[in-house]
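Taking it in order: structure first as structure tokens, then the write-up.
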Amino acid sequence: MITIVDYNAGNLTSVRRALDYLGIQCRVSGEAADIISAERIIFPGVGNAQSAMENLNKTGIAAALKTAVASGTPFLGICLGMQIMMSHSDEGDVKCLDFFDGNVVLLKPSDRRLKIPHMGWDSLKYKKKHKLFDGIDPKSEFYFVHSYYANPTDFKDVIALSEHGIDFAAVIGKGNMFACQFHPEKSGEAGLKILKNFSVWNGEVAL
């Protein structure tokens, strides 16, 4: 059973619909006990990092997520979920979950003709292999919508980059954690394949 974390900052319906389409059992919950006992966790998010962290800390979900990650539960962060897995976000100058060392910074393309937020389909530049990309055409594109991006301190945590005027970390991972800036649930067959792969991933590290 996959638990989709509800902390009033996620596009939960589209994630759940994608899993339902794939025939993968899931539940949406903001209860700490459900998160700690989950077989796998999807941590989606849209919106503002500061308000998201306020909700996570106020409800006790932040502590539950840390317990689950420390126990080895396979964990998938999406969009804002990925960003607040970092140690700090410039969006609201807020301390985040600290699963990855690094900062979340405003996307500033070198080409001023490029609009912010970065919205639309883009490809990835892979830096290492990972089980969640098994069976996916390397030329596949994924759907992004964001104004900030995660900037890990350790480049070894970066699985793939994408580009919007500058290269940025589009996918990061270590241990039982995998996080993507794009929305797999909105990324067609390639995105659905990531969710399918996650449903059977046991948390092996990237290859």
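General observations
- Spatial extent of the chain: Rg and Dmax, with the Cα atoms as the point set, Å: 15.5, 47
- GNM on the chain, alpha-carbon springs under 10 angstrom: the most fluctuating residue among Gly102, Gly165, Gly23 is Gly23.
- Couplings 3J(HN,Hα) of the range 128-137, computed from phi: 7, 7, 7, 4, 6, 9, 4, x, 9, 4 Hz, in residue order, whole Hz [Karplus 6.51 cos²θ - 1.76 cosθ + 1.60, θ = phi - 60°; x for Gly and Pro].
- Dipole moment magnitude, nearest 20 debye, the chain about Cα centre, only Lys, Arg, Asp, Glu C-beta charged: 320
- Counted over the range 38-117 with a bin width of 10 Å, the fraction of Cα pairs per bin, in whole percents, is 18, 49, 24, 8, 2.
- DSSP beta bridges in the chain [antiparallel fraction, %, rounded to 5]: 60
- Highest average packing first - 183-190, 169-176, Cβ atoms within 10 Å: 169-176, 183-190
Only the coordinates and a few stated rules stand behind these numbers; no lab work does. Because the structure is predicted, anything quoted here is derived from the model rather than measured. Reconstructed Cβ throughout: ideal geometry from the backbone, glycine too, with neighbour counts over all protein chains shown.
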